[in-house]
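The values are calculated or read from the model by the stated rules, or taken from the named source; none is laboratory data. Nothing here was measured: the structure is a model prediction, and the numbers come from that model. Here the Cβ positions follow ideal geometry from the backbone for every residue, glycine too, while neighbour counts run over all protein chains shown.
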Amino acid sequence: MGSRILEGLNPGQARAVKTTEGYVRVLAGPGTGKTLALTARCAYLITMLGISPRSVLCVTFTNKAAAEMRSRIQALCGGRVEPFVATFHGFCAQFLREEAKHLGFPANFALADVEEVKEMLKPIYRTLNINGRDLSLQDEWNYIDLVKSTRLSYVHELLSEDSGDLLREAQTQDDPKDRIFYAYLYAQRSTATLDFDDLIAFTLEILHTNKEVRDKWQSRLEYILVDEFQDIDKLQYELTEILAGGHHNLFIVGDPDQTIYSFRGADVKLFTDFPQLHQGCAQIAFEENYRSQGAILDCAYTLISNNPDPGRVHLKARRTDISEKNFAQILPPLKKVPRESEVLDAVRVIAQQGKLGLEVPQKDDSGERALLTPLPAVVHSGSEILEAEYIAREIGLIRQKAGHASVAVLYRAHHVSREVERALLRRRIPYRIMSGTGFFSRAEVRDVMAYVRLCLNPADDRALRRVINEPRRGFGARRLEKLARRAREKGCSLYEALKDSFDDQALLRGTTVRLFAETLQSLHAYIAKLKPTAALEQVLNAFGYEEYLKDSGQKERLESLATLRSLAKDFETSAGESTSAADFVTDLALYQSADLNAPRDAVRLMTVHNSKGLEFDYVFVAGVNEKLFPSAKSETEGELEEERRLMYVAMTRAAVQLFITTSMAFGQSDQENTRKPSRFIEELDPSQIAEMGGSFARRGLVSGGSGAAQFKPGDRVFHEIFGPGTVKEVRQSAGEYVIDFPALKSPRTLSFQAPLERLDGQGSAVSVDCGSVQ
Ligand code: ATP
Ligand code: MG
C-alpha cells in the first residue's frame, strides 16, 4: 500500500511525504507537485503509520480543492477512509458546531454567505432610512468585513449580555456605516446567524479563553497539513499555530510567487520566515514541473522575473506526454495566402512550425524524443466583442478536435466574463461559471425574464409567484397562498383570481398589487407586438424593478440588466425585422437550459483568484489590458507585484496551450474607449510568444475608436458563399457590417470576423484575419 503511495514521486516529494514529525516547509513553484505531495503525505500517515484519519487535518483554500483532495486521499488509501480535509472556514464551522455553546451561542447557528448577509442588510437600510444610492450594499459589506477582521473585540459586543446595547449603538453612531454595522450585529444575535468572518473570530475567542477546549483540540490534531500557505493571513496563522501547539507536527507548502491575497490581509512573511520562527524546521524544495509544457514555463518565468526574489528557480519541464497531435488539432487554419511575414505574426503558424521548418522541435532531457513546444499565443482583438468571439471560436475548434481536453477562461475581474459568456452562448458551447453565479441563475435575470413571460402570458402562475412581491408590494407568502386557494377553487390562473379580488379588502389592504395587476393588464395588451429591446424597456420601467435595484444600491444587479439589454439587442439584430419579445424569451429559455445543464466537461469561467491550485489543458487569460490586468486600483509597486503574481498564477494553470488575449476598445458606445495591452505583455520576451495583431498594438498604431473594422462603406468585398458584395454600413460598437450582396434579395449583417476578402482594383484578394487591428 505504502509503496503505491510513494510510487512515481521524485526524491524531494518522497522526502516531504516521509518526514512526518516536526515542522516541515516545502517551498516550490507552480505545478511541482506540492498539493500532490501533501495528499500523499496524508495517505501515508493514515495507511503506513496507522494514524486515525480524524487526527490528520488537511487545510486547503477552496471547497472545490477540499473535495478533490478528499477523494484523492481516499483513492490512495484504497479503503473507506474519511479524511479530515477542510478550508479554514469549514474547519471553524465544524469546530463551532461542537464548541459554540461555550460562548453561549447556539450550536445550530445559521451560516450566512455574502448574498444572505446582503439580504439581512436590506431591511436594516429600510429601518434606518438609509438609501442604497448613498451607500451600496457591497460597500457596507466591505466595511463590516474590514471591521470584523481587524477588531476582534467586536465578538464581545456581539455577545454582550444585553442585546439592547447593540440597538442603542445602532441609533447613536454618527457614521451610517456604523449604524448599520451595529444593527446588523443585533440582527445576527437575534437570529443566531454567523457570517464567514465570525467563524474564525469565534473559534479564536474560544481557543484563547477556554483551556479545556484548547487542550482537547491540540491533543486531537496530531498532524496538520496546510496547502497554499503563502496566502495565509494573521488570524489563520494564529489558528494554525494554536492547533499545532500540542504535537508540533505542522507541514506547510507554498510558493511566494503565488501570493495573491495580500490585498485581503495575506502576509507572505508568515511563510518565508516560517523556518526562522520554528526551531528545527525541515526545508524542502521541488524544482521540476509536471504540469505545463516548456514554452509556457519559460514565458511565465520571464514575467515573474520582473518581481524581486533572489531565490527563485527556473523550473524544469517534466511533461513528456504532449504530442504534436495536441497542437496541430487546436489551431485554426492558416490564412489562404501565407506570406512569411504574416505567418510569423499569426498564431496559426504554430501547428505548421515543423512542416515549414521554422523552428527545430526541441529535444527533451533524455535526448531521445522530439517534442514540439508551441509558443503561448498573445492575441490582440479590436474590441471586447471580437476578443470574446476569438476565444469562443478557438474553444469551438478545441472541442471539436480534442473533445476531452479541459478548457478554462480566466479573468482578473468578473465583468470580463460577460462578453465571453455571450460569445459562448451564441455558439452554444456549454460553460460553467465557477466564481459567482452563472448569468441565467442570477436572481435579477430570473426576475426580469419572469416579468416578460408574465406580460406575454398573465396565466403563467410560476412567473407571477416569482415577481408579485418583488419589489415588495406588501403581498407576502400568506396572502399569496390565500390567492392560490381561491384560484384553485375557481379553476383559474392566479392573475384572474387577483383581478376578481380587487374589492377584497382583507386580501389587498396595505398592498400595491392592484397597480401591479393593472400594469400587467395594460402591458399584456401590446407587448407581443414590441421588439425585444422595447419590451424589455417597458417591463423594467413599468413595474419599477430597475428603480428598485437602484434604490437598494445593487450595482452588480444593475449590470446584469445592462447585459440583458445587450442580449436583447444582439438577438434583435441577428434574428431580423420580424422578431418579437416572445421569440426572445424562447431563445433565452434555450440558452438558460444550456447553462444550467452544462456537462462536466464544460468550459470553466472563473477569476484568476479562483483558479488557484487548479490546472487545465487549455487556458485563455482574457482582458489582459492596462487598467484591467493589472487592475486600475493597483498603484504602488507592491500592488503591481501582486498583480504580476496573479498573472503568473493564471499562466501557470495551463498544461498544453496558453492564450493571452486583449482588446483595443470596450463599451457599447461609439465613443473613444480605447485601451492598451497590459504592461505584462510588454514584459514577455517576443521570442517566447506567438503574437497576433501584436505588431500593430505594440507600435502604437491603434489610435482610437473601436477600430476593428477592416472595411469602410463602399468597399467591395468577396464572401465565399454569397459572392461579391458592397459594404453599406459599418457598426463599430456591434462589430458588424451591413453588406449588399447582389446574389441575395436583402442585405446581410456580418460580424467583423466574417470570412470576407477585399476585392481591390486589380482583382487580387487579400485575406482578412480574425480580430486583428488596422
Ligand atoms: P500549484 O502551485 O499550482 O498549486 P502544485 O505544486 O500544487 O501546483 P500539483 O497540482 O500537486 O502542483 O501537481 C501538478 C501536476 O503534476 C498534477 O497533475 C500532478 O498530478 C502532477 N505531478 C506532480 N508530481 C508528479 C510526479 N512525481 N509524477 C507525475 N506527475 C506528477
Ligand atoms: Mg497546489
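Screening the candidates A655, A650, A708 for the property of being on the phi < 0 side of the Ramachandran plot, touching a Leu at 6+ places or on another chain (Cβ under 6 Å) and modelled with pLDDT of 90 or more yields one hit, A650.
Given the criteria part of a helix (DSSP H, G or I), under 30 Å from the mean Cα position of the chain (by Cα) and within 16 Å of ligand 2 (Cβ to nearest atom), does A300 qualify? The answer is yes for A300. Residue-level analysis places S687 among those that are out of contact with any helix residue (DSSP H, G or I) (no Cβ under 7 Å at 6 or more places or on another chain), at pLDDT 80 or above and either crowded, with 18+ Cβ neighbours inside 10 Å or under 30 Å from N306 (Cβ atoms) (or both).
A residue that is in contact with a Cys (Cβ under 7 Å, 6 or more places away or on another chain), more than 25 Å from R319 (Cα to Cα), of a type in the set (S, T, N, Q) and away from ligand 1 (no atom under 16 Å from the Cβ) occurs nowhere in the range 4-26.
Within the span defined as the range 448-456, every residue fails to be under 20 Å from D570 (Cα atoms), in contact (Cβ under 8 Å) with a residue 60 or more places away in the chain, of a type in the set (K, R) and assigned to a loop (DSSP other than H, G, I, E, B). Of the helices (runs of 4 or more DSSP H) lying entirely inside the range 472-583, those containing at least 2 residues that are touching a residue at least 60 places away in the same chain (Cβ under 8 Å) span 513-526, 532-542, 545-551, 555-575.
Just to be sure I understand, how many residues within the range 731-740 are more than 30 Å from the chain's Cα centre (by Cα) and surrounded by 19 or more Cβ atoms within 10 Å (Cβ to Cβ)?
Let us first name the residues in the range 731-740 that are more than 30 Å from the chain's Cα centre (by Cα), namely 731, 737-740.
Filter again for surrounded by 19 or more Cβ atoms within 10 Å (Cβ to Cβ), leaving 737, 739.
Result for the range 731-740: 2.
Selection within the range 619-642: residues that are free of Cβ contacts under 8 Å to residues at least 60 places away in the same chain and outside any loop (DSSP other than H, G, I, E, B). The member of this set that is farthest from ligand 1 (Cβ to nearest atom) is K627. Each residue in the range 11-39 was checked for being hydrophobic (A, V, I, L, M, F, W, C), over 31 Å from the mean Cα position of the chain (by Cα) and not in a strand (DSSP E or B), and 3 of them qualify. Within the range 32-43, residues that are within 10 Å of F286 (Cα to Cα) reach partners that are in a helix (DSSP H, G or I) and within 8 Å of ligand 1 (Cβ to nearest atom) with beta carbons closer than 8 Å, at six or more positions or on different chains, in the pairs G33/Q13.
Annotation note: of T39, T47, T19, the sole residue that is in contact with a strand residue (DSSP E or B) (Cβ under 9 Å, 6 or more places away or on another chain), more than 15 Å from ligand 2 (Cβ to nearest atom) and of a type in the set (S, T, Y) is T19.
Within the range 399-425, the set of residues being crowded, with 17+ Cβ neighbours inside 10 Å, more than 14 Å from M606 (Cα to Cα) and of a type in the set (D, E, K, R) comprises R399, R422. Residue check: is K529 among the charged types (D, E, K, R) and farther than 28 Å from K569 by Cα? Answer is no for this residue.
Candidates are the residues of the range 272-290 that are out of contact with any helix residue (DSSP H, G or I) (no Cβ under 9 Å at 6 or more places or on another chain) and at negative phi; the one that is farthest from ligand 2 (Cβ to nearest atom) is Q279. Scanning the range 228-268 for residues that are charged (D, E, K, R), within 16 Å of T87 (Cα to Cα) and either away from ligand 2 (no atom under 16 Å from the Cβ) or over 21 Å from the mean Cα position of the chain (by Cα) (or both) yields D233, K234, E238, E241.
Residue count for the range 604-618 under the criterion of being in contact with a His (Cβ under 9 Å, 6 or more places away or on another chain), within 15 Å of ligand 1 (Cβ to nearest atom) and more than 18 Å from I398 (Cβ to Cβ): the result is 0.
Among the residues of the range 47-73, the ones that are away from ligand 1 (no atom under 16 Å from the Cβ), under 15 Å from I5 (Cβ atoms) and surrounded by fewer than 23 Cβ atoms within 10 Å (Cβ to Cβ) come to 6 in all.
Sort out which residues of the range 604-618 are charged (D, E, K, R), part of a loop (DSSP other than H, G, I, E, B) and crowded, with 20+ Cβ neighbours inside 10 Å, and write them in order of number.
Passing the criteria: only K612.
Condition first: of a type in the set (S, T, Y), in contact with a Ser or Thr (Cβ under 8 Å, 6 or more places away or on another chain) and more than 16 Å from ligand 1 (Cβ to nearest atom). Can you find one or more residues in the range 296-314 that meet it?
If we filter the range 296-314 for residues that are of a type in the set (S, T, Y), which is where we start, we get 301-302, 305.
Still in the list and also in contact with a Ser or Thr (Cβ under 8 Å, 6 or more places away or on another chain): none.
Checked the range 296-314: no residue is of a type in the set (S, T, Y), in contact with a Ser or Thr (Cβ under 8 Å, 6 or more places away or on another chain) and more than 16 Å from ligand 1 (Cβ to nearest atom).
Flag: D215 does not match the condition of being more than 16 Å from ligand 2 (Cβ to nearest atom) and either under 27 Å from the mean Cα position of the chain (by Cα) or on the phi > 0 side of the Ramachandran plot (or both).
Quick one: how many residues across the range 457-474 are hydrophobic (A, V, I, L, M, F, W, C) and surrounded by fewer than 21 Cβ atoms within 10 Å (Cβ to Cβ)?
Residues meeting the conditions: 1.
Beta carbons closer than 6 Å, at least 6 apart along the sequence or on distinct chains, pair a first residue in the range 59-71 that is closer than 17 Å to L239 by Cβ and of a type in the set (G, A, S) with a second that is outside any helix (DSSP H, G or I) and within 11 Å of ligand 1 (Cβ to nearest atom) for A66/T60. At positive phi, surrounded by fewer than 22 Cβ atoms within 10 Å (Cβ to Cβ) and outside any helix (DSSP H, G or I): is that true of G8 in this structure? Here the answer is yes, as G8 does meet what is asked. In the range 50-139, counting only strands (runs of 3 or more DSSP E) that sit wholly within it, the ones holding 3 or more residues that are of a type in the set (A, V, I, L, M) span 56-60, 110-112.
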